[in-house]
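Q: Dumping the structure here so I can ask a few things about it.
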Number of protein chains: 2
Amino acid sequence: MITKTSLLATRALVFLAEAEQGVVASPRSIAARLGESPAYMAKVLRSLVKAGILRAEHGRKGGVLLNRRSSDVTLLAIVEACQGAIAGSYCQDIDDLRITCAFHKAAVELRDSVVNALSRWTLEQLAASPRPTKRLPGDAHCMMVGFAVSIAPGGAGTRSRSQKRTRRR
Amino acid sequence: MITKTSLLATRALVFLAEAEQGVVASPRSIAARLGESPAYMAKVLRSLVKAGILRAEHGRKGGVLLNRRSSDVTLLAIVEACQGAIAGSYCQDIDDLRITCAFHKAAVELRDSVVNALSRWTLEQLAASPRPTKRLPGDAHCMMVGFAVSIAPGGAGTRSRSQKRTRRR
DNA sequence: CTCAGACAATATTTATCCGAGTTAGCACAG
DNA sequence: CTGTGCTAACTCGGATAAATATTGTCTGAG
């Protein structure tokens with residue numbers, strides 16, 4: 001539902017939101033800080049620039065920085081920047097729901113639920129509490145911190161490939 | 001979000017709900033009626049049997065029939081039968097949300113939104129209004145009727161392969 | 001450093017196929 | 001009328017294949 005790309009984008013944005021205002025960070029430094037692949041990070045950040053969430057600075061000391069206040073960036077905007085628009089409907093968009101099948105109505109309701117849930121959260125809120133406040137029970141890990149857990153349906157916890165390859169600091 | 005497999009399962013179940021009570025239908029006949037591939041239909045129906053939504057009858061005149069009242073079958077159960085459990089959370093399941101990061105809280109809220117939206121709809125409701133009541137505007141098509149539309153993010157309408165190959169009646 | 005892709009690797013979804021087993025229908029011999 | 005054998009139509013549990021999507025890398029130009 002939320003892809004690994006969207007999660008990485010969120011983590012990068014939280015990192016930038018926590019940084020000093022106006023600080024320009026390069027994809028390489030963000031990737032190093034988060035323990036992820038620089039090439040992949042660059043790609044993800046590009047889609048955030050394209051969506052207007054980030055602004056890029058060219059040149060030798062270039063990189064990216066937040067283009068809006070973190071209170072103005074919703075989780076919906078982040079997810080849509082990475083995954084594209086939340087599916088409109090499972091029938092084509094039709095204004096008058098009275099004439100559609102019941103399944104269409106259910107699909108619209110589902111989409112609205114997802115959009116509402118994602119819209120309620122902002123980058124500011126995510127950055128205010130970016131990590132667990134205590135040690136998680138058992139061998140649970142927090143994905144915002146960097147141990148990837150499979151989020152496939154019925155997901156079993158596994159290390160992502162990038163985790164295996166990229167040395168964490 | 002809702003895969004093509006889940007959609008096909010829903011269409012098959014609506015078909016069975018509309019049929020007479022207790023009627024056993026074979027995958028081949030359901031596939032023919034819905035204009036889909038018999039082999040794929042058989043596979044989809046097997047997962048519904050496994051989930052207890054349908055019951056199978058062996059033998060020459062075998063097939064499937066509803067195992068519960070249609071008012072007791074939720075859209076959530078159908079989707080989970082096909083796609084697996086709606087992702088628990090993007091961190092491992094943790095009861096005490098007070099100690100998790102904000103993103104975890106958002107993820108749990110998102111999952112709950114999806115589960116709630118899907119739980120609100122039953123097979124009975126979907127079967128009560130299985131088709132649009134009027135001709136849809138433009139060249140829009142209803143997926144419950146059988147013209148597949150791409151539901152990928154930013155989806156553009158396309159014919160599914162099975163639609164191209166299987167002659168509709 | 002960014003950018004815009006192209007490309008590659010991996011994973012998931014869609015779809016088919018197969019052998020073993022179950023059940024019913026039918027032809028035929030007795 | 002009964003028993004037998006064959007055939008056909010089904011289920012089941014996977015394995016396999018094709019198509020699509022996601023993750024991740026690379027390159028040249030700026």
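The values are calculated or read from the model by the stated rules, or taken from the named source; none is laboratory data. Bear in mind the structure is a predicted one, so any value in this text is a computation, not a measurement. Methodologically, a virtual Cβ is constructed for each residue, glycine included, from the backbone with ideal geometry; neighbour enumeration extends over all protein chains shown. Just so you know, the surface numbers come from the protein's heavy atoms only, side chains and all, with ligands and any DNA or RNA stripped out. Shrake-Rupley method; radii C 1.70, N 1.55, O 1.52, S 1.80 Å.
Q: Which loop-located GluC sites (Glu not before Pro) does the stretch A:1-107 contain, where loop means any DSSP state but H, G, I, E or B and the Cβ has at most 10 other Cβ atoms within 10 Å?
A: Numbers: sites: A:Glu18, A:Glu20, A:Glu36, A:Glu57, A:Glu80; in loops: A:Glu20, A:Glu36.
Passing both the DSSP loop test and the Cβ count: A:Glu20.
Q: Could I ask something else about it? Taking a 20 Å limit on the Cα-Cα distance, which of the listed pairs A:Lys4/A:Lys105; A:Lys4/B:Lys105; B:Lys4/B:Lys43; A:Lys4/A:Lys43 fall beyond it?
A: Working: A:Lys4/A:Lys105 29 Å; A:Lys4/B:Lys105 17 Å; B:Lys4/B:Lys43 13 Å; A:Lys4/A:Lys43 13 Å.
Checking Cα-Cα distances, A:Lys4/A:Lys105 exceed 20 Å.
Q: May I ask you to rank B:Leu34, B:Leu13 by accessible area, largest first, using a 1.4 Å probe over the protein chains only?
A: Working: B:Leu34 25, B:Leu13 0 Å².
Of B:Leu34, B:Leu13, the descending order of accessible area is B:Leu34, B:Leu13.
Q: Roughly how many nanometres apart are two label points built 7 Å out from the Cα toward the Cβ at A:Ala32 and B:Asn67?
A: Result for the modelled spin labels: 5.6 nm.
Q: How far apart are the B:Ala56 label points across copies, placing each 7 Å from Cα toward Cβ, in nm, shortest first?
A: In ascending order, 5.3 nm.
Q: Here is a further query. Using a Förster radius of 22 Å, what is the FRET efficiency between B:Lys50 and B:Glu20 based on their Cβ-Cβ separation? Nearest 0.05, please. Don't skip to the end; give the middle numbers.
A: Working: r = 25 Å, r/R0 = 1.11.
The pair B:Lys50/B:Glu20 has a calculated efficiency of 0.35.
Q: Are there trypsin sites (Lys or Arg not before Pro) in the stretch B:1-104 that DSSP puts in a loop and that have at most 13 other Cβ atoms within 10 Å, and which ones? If you can, show how the numbers build up before the last one.
A: Details: sites: B:Lys4, B:Arg11, B:Arg28, B:Arg33, B:Lys43, B:Arg46, B:Lys50, B:Arg55, B:Arg60, B:Lys61, B:Arg68, B:Arg69, B:Arg98; in loops: B:Arg60, B:Lys61, B:Arg68, B:Arg69.
Sites meeting the loop and neighbour criteria: B:Arg60, B:Lys61, B:Arg68, B:Arg69.
Q: If you don't mind, another one. Given the protein chains as shown and a 1.4 Å probe, how many square angstrom of A:Phe103 are accessible, to the nearest 10?
A: Number for this one is 10 Å².
Q: How big is the Kirkwood radius of the stretch A:1-127, worked out from every pair of different alpha carbons and given in Å to one decimal?
A: Numbers: mean 1/r = 0.0635 Å⁻¹.
Kirkwood radius, the stretch A:1-127: 15.7 Å.
Q: I would also like to ask the following. Taking a label point 7 Å from Cα toward Cβ, how far is B:Arg28 from its twins in the other copies, in nm, shortest first?
A: 6.5
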